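Reading through the structure tokens given below for one structure.
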Amino acid sequence: MNRILIAEDEERIASFVHKGLRSNGFTPTVVGDGVTAYDYAMSGDFDLMILDIGLPGLDGFSVLDQLRGSGSTLPVVILTARDSVSDTVAGLEGGADDYMGKPFRFEELLARVRLRLRETGSAETTVISHGDVSLDLRTRRASVGHRVVDLSAREFALAETLLRNAGQVLSREQLLSHVWGYDFDPGSNVVDVYVRYLRRKLGPECIETVRGMGYRFTR
Ligand code: CA
């Protein structure tokens with residue numbers, strides 16, 4: 001129960017959301033216009049739709065309207081520009097479950113997607129672990145062995161990304177885009193700073209630095 005339909009015509013955002021969802025264990029499909037979005041949404045092949053408002057063919061409001069008019073209860077998370085949030089609230093009355101203002105951070109979107117899926121009773125893994133490090137995605141708590149560790153929201157998101165890809169090297173750019181969003185400053189050293197925080201909390205050996213490439217969760 002993790003098939004997500006992404007209706008978004010802006011390539012950069014569609015690919016950002018697609019990659020992020022895939023690395024979090026979802027099976028995403030991207031469509032770039034409203035007519036296809038409606039057809040796919042009605043197919044019964046998806047558990048949730050992420051729907052952009054400004055779509056060619058049929059705009060997001062019309063897609064939603066037709067969807068609900070046809071009796072579909074597919075959970076829908078709307079994507080909209082921040083300056084049209086008031087339009088979006090009107091859209092919510094048309095049957096959307098939630099909305100995100102653009103620009104957004106991936107972790108915010110992920111939290112909403114998970115919440116909507118949980119409400120509709122879809123089962124999804126709630127604990128991920130590697131070695132003796134575990135992350136409970138529902139309570140947002142981390143533990144090392146039997147010791148519970150407090151992580152900030154950002155630390156948790158970074159730990160989650162590293163753990164889901166344990167054993168693989170993730171570049172700073174990948175981590176920045178996944179944890180900090182697509183509007184990040186590529187010259188920022190924030191990843192290194194947060195890796196340091198995580199090493200302090202989870203144990204210094206858990207994250208390996210791969211020189212010139214990035215970081216790998218090894219523990
Ligand atoms: Ca658009």
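The values are calculated or read from the model by the stated rules, or taken from the named source; none is laboratory data. Since we're looking at a predicted model, the values are computed, not measured. Please note: Cβ atoms are built from the backbone with ideal geometry, for glycine as well, and neighbour counts cover all protein chains shown. Just so you know, the surface numbers come from the protein's heavy atoms only, side chains and all, with ligands and any DNA or RNA stripped out. Shrake-Rupley method; radii C 1.70, N 1.55, O 1.52, S 1.80 Å.
A compact table of results
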read-out	value
³J(HN,Hα) computed for each position of region 148-164 - Karplus, 6.51 cos²θ - 1.76 cosθ + 1.60, integer Hz, glycine/proline x	7, 10, 7, 10, 6, 4, 6, 4, 4, 4, 5, 4, 4, 4, 5, 5, 5
P(r), alpha carbons of region 3-119 - 10 Å bins starting at zero, rounded %	15, 54, 30, 1
Computed FRET value (nearest 0.05) for Arg196 with Ser70, which takes r as the C-beta separation and R₀ as 41 Å	0.20
Highest-fluctuation residue, Gly71, Gly60, Gly20 considered, GNM on the chain with Cα pairs under 10 Å	Gly71
Gain on full stretching of the segment that runs from Thr139 to Arg154 - 0.36 nm per residue minus C-alpha separation	3.9 nm
HN-Hα J in Hz across region 166-171 - Karplus 6.51, -1.76, 1.60, θ = phi - 60°, x for Gly and Pro	3, x, 9, 7, 10, 6
Simple spin-label estimate for Glu205 and Arg118 in nanometres, 7 Å along Cα-Cβ	3.4 nm
Asp98, Asp33, ranked by accessible area, largest first (probe 1.4 Å)	Asp33, Asp98
Solvent-accessible surface (1.4 angstrom probe) belonging to Glu155, in square angstrom, nearest 10	10 Å²
Ranked order, Val190, Val195 - accessible area, probe 1.4 Å, largest first	Val190, Val195
Candidates Asn189, Asn165, Asn24, ranked by Gaussian network fluctuation over the chain, Cα under 10 Å, top entry	Asn189
Stokes-Einstein D in µm²/s, Kirkwood radius over Cα pairs - region 127-217 at 25 °C with 0.890 mPa s viscosity	186 µm²/s
